[in-house]
Amino acid sequence: MTMAKTTIVLGVLLILVGVGAYFGSGTKSITALIPAFFGLPISLLGIAMLQEKWQKHAMHGAVALALLGFLGSVSGLPKLFTLMAGGDVARPLAVVVQSIMAISCAVFVALGIKSFIEARRQRKKLESTE
């Protein structure tokens, strides 16, 4: 799967998680939509990546947003382990949503960094053959 498609999938996943949390929480808290607020621009950047002239800048923007998404949601991971061990947490749905966002964003950032490294290697390889 190309990074453009991966980016779009991440964005859609975050939108679905945010909207699901919003309607699933029963309280209709705007904070439940935070994953969707990250997912929409990430999806749009993924669509922009389909055009080669925007690919590099859109990928950097998507990875930067995913990194911010990870940093903003990583605090839910320790609470997830507490929840999984049968412990009590204040807002279990919020913990699950934060954890999904943290893990999916972290995986995307790792894939993005791998993609940057591969692109740099290919560029150097092309330069050395010229």
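Considering only residues that are polar (S, T, N, Q) and assigned to a helix (DSSP H, G or I), which ones fall in the stretch 1-38? Can you show your working first?
Of all residues in the stretch 1-38, those polar (S, T, N, Q) come to 2, 6-7, 25, 27, 29, 31.
Hits for the stretch 1-38 are T6, T7, T31.
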*Please go through the stretch 49-76 and pick out each residue that is over 19 Å from G20 (Cα atoms) and open to solvent by less than 40 Å² (accessible area, probe 1.4 Å).*
M49, A58, M59, G61, A62, V63, A66
*Give me the pairs, please: first residue somewhere in the stretch 39-68 and outside any helix (DSSP H, G or I), second residue anywhere and surrounded by 15 or more Cβ atoms within 10 Å (Cβ to Cβ) and not β-branched (V, I, T), beta-carbon distance under 7 Å, and either six or more positions apart or on two chains.*
M49/M3; M49/A4; M49/Q55; M49/A58; M49/M59; L50/A4
*Is at least one residue of the stretch 74-96 touching a Lys or Arg at 6+ places or on another chain (Cβ under 6 Å) and of a type in the set (A, V, I, L, M)?*
yes
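Looking at V97, V107, V17, which one is closer than 22 Å to M3 by Cβ and touching a residue at least 40 places away in the same chain (Cβ under 8 Å)?
Numbers: V97 fails: closer than 22 Å to M3 by Cβ; V107 fails: touching a residue at least 40 places away in the same chain (Cβ under 8 Å).
Going through V97, V107, V17 in turn, just one is closer than 22 Å to M3 by Cβ and touching a residue at least 40 places away in the same chain (Cβ under 8 Å): V17.
Looking at F23, F37 in this structure, which one is aromatic (F, W, Y) and at pLDDT 95 or above?
So the residue among F23, F37 that is aromatic (F, W, Y) and at pLDDT 95 or above is F37.
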*Taking I34, is it surrounded by fewer than 22 Cβ atoms within 10 Å (Cβ to Cβ), in contact (Cβ under 8 Å) with a residue 40 or more places away in the chain and in contact with a helix residue (DSSP H, G or I) (Cβ under 9 Å, 6 or more places away or on another chain)?*
no
*asked:* Quick check on my filter: what residues within the stretch 80-130 are open to solvent by 100 Å² or more (accessible area, probe 1.4 Å) and under 24 Å from the mean Cα position of the chain (by Cα)?
replied: F81, M84, R91, K114, R120
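The values are calculated or read from the model by the stated rules, or taken from the named source; none is laboratory data. Bear in mind the structure is a predicted one, so any value in this text is a computation, not a measurement. Every residue, glycine as well, gets a Cβ built from its backbone with ideal geometry; the counts of neighbours run over all protein chains shown. Quick note on the areas: whole protein, heavy atoms, side chains included, nothing else; ligands and nucleic acids left out. Shrake-Rupley method; radii C 1.70, N 1.55, O 1.52, S 1.80 Å.
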